[in-house]
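Beneath this line is the structure, given in structure tokens, with notes to follow.
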Amino acid sequence: PERYLSALLQQILRDPDGLERYWLVENGIENRLLEVAEKAADLEEFIQQVKARQLTRTRVQRLLVAILLGIEKETAWQLLNSGPRYLHLLGTSERGEQFLAGTRKQREVPLVQNFSRVHSLLKRAYRADSVEHRQAMLQLNLELRATQLYSLLQKRWPGGGRSRDFYEPLRRCNKC
């Protein structure tokens, strides 16, 4: 939480005039964020002081993640309106693998299991110069940025590359 708050405050205080361009920052909430950023001692206090009657805790948390990741309103709406352009499989059981293999031809959205092949998979699924491909790349870049920032927030980072999506193996669940 301390590292998250520090990274968040850096983002908020670095460009106070640009806060309103981020997703979910509206109706003057940027003024509240700046005011609270000056005083908050920890993450919980920060969230509680930003929260208001018309602004729930969950919305504040989403808003803060959007600021940290640099998700601008236009990008967020573009991604939300287009829907997912790929699915990222994190783990599966043997039964799940059988299901995925059986439904492979019915899938309308590519399923990414191995990030080392994600670029060729997306080019194959969507023409490289298409709107869908650009949206898929936007989604991919956002996911990779989130992974990299997450690695910066870990107390005990295991080392290796910060884009662990590219080298972390698919998790197998034998008990499922």
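The values are calculated or read from the model by the stated rules, or taken from the named source; none is laboratory data. Since the model is a prediction, treat every value here as computed from it, not as a measurement. Using ideal geometry, Cβ is built from the backbone for each residue, glycine included, and neighbour counts are taken over all protein chains shown. For the accessible areas, the whole protein counts, side chains as well, though only heavy atoms, and no ligand, DNA or RNA atoms are used. Shrake-Rupley method; radii C 1.70, N 1.55, O 1.52, S 1.80 Å.
Just a few scattered comments:
- Yes/no for Lys39 being over 27 Å from Gln139 (Cα atoms), open to solvent by less than 80 Å² (accessible area, probe 1.4 Å) and basic (Lys, Arg): no
- Per-region count, the stretch 37-75, residues touching a Lys or Arg at 6+ places or on another chain (Cβ under 7 Å) and free of Cβ contacts under 8 Å to residues at least 40 places away in the same chain: 5
- Residue list for the stretch 124-145, restricted to those being loosely packed, with under 15 Cβ neighbours inside 10 Å and not in a loop (DSSP other than H, G, I, E, B): Arg124, Val131, Glu132, Asn141
- Test set (1) open to solvent by 60 Å² or more (accessible area, probe 1.4 Å); (2) in contact with a helix residue (DSSP H, G or I) (Cβ under 7 Å, 6 or more places away or on another chain); (3) under 30 Å from Asp15 (Cα atoms) - Ser116 fails condition number: (3)
- Residues of the stretch 42-75 classified as outside any helix (DSSP H, G or I), among the basic types (Lys, Arg) and surrounded by fewer than 12 Cβ atoms within 10 Å (Cβ to Cβ), total: 1
- Residue within the stretch 96-105 that is touching a strand residue (DSSP E or B) at 6+ places or on another chain (Cβ under 9 Å), within 29 Å of His133 (Cβ to Cβ), modelled with pLDDT under 95 and of a type in the set (A, V, I, L, M, F, W, C) present: yes
- Condition met for Glu108 (at pLDDT 95 or above and open to solvent by 70 Å² or more (accessible area, probe 1.4 Å)): no
- Considering residues of the stretch 76-94 that are open to solvent by less than 40 Å² (accessible area, probe 1.4 Å), outside any helix (DSSP H, G or I) and touching a residue at least 60 places away in the same chain (Cβ under 8 Å) only, the residue farthest from Asn141 (Cα to Cα): Ser93
- Here Pro158 meets the list (1) within 30 Å of Tyr22 (Cβ to Cβ); (2) open to solvent by 60 Å² or more (accessible area, probe 1.4 Å); (3) of a type outside the set (D, E, K, R) almost entirely, failing just condition (1).
- Failed criterion for Glu97 (all others in (1) assigned to a helix (DSSP H, G or I); (2) loosely packed, with under 14 Cβ neighbours inside 10 Å; (3) not polar (S, T, N, Q) hold): (2)
- Residues that are closer than 25 Å to Thr92 by Cβ and among the small types (Gly, Ala, Ser) within the stretch 122-176 comprise Ala125, Ala136, Ala146, Ser151, Gly160, Gly161, Ser163, listed in sequence order.
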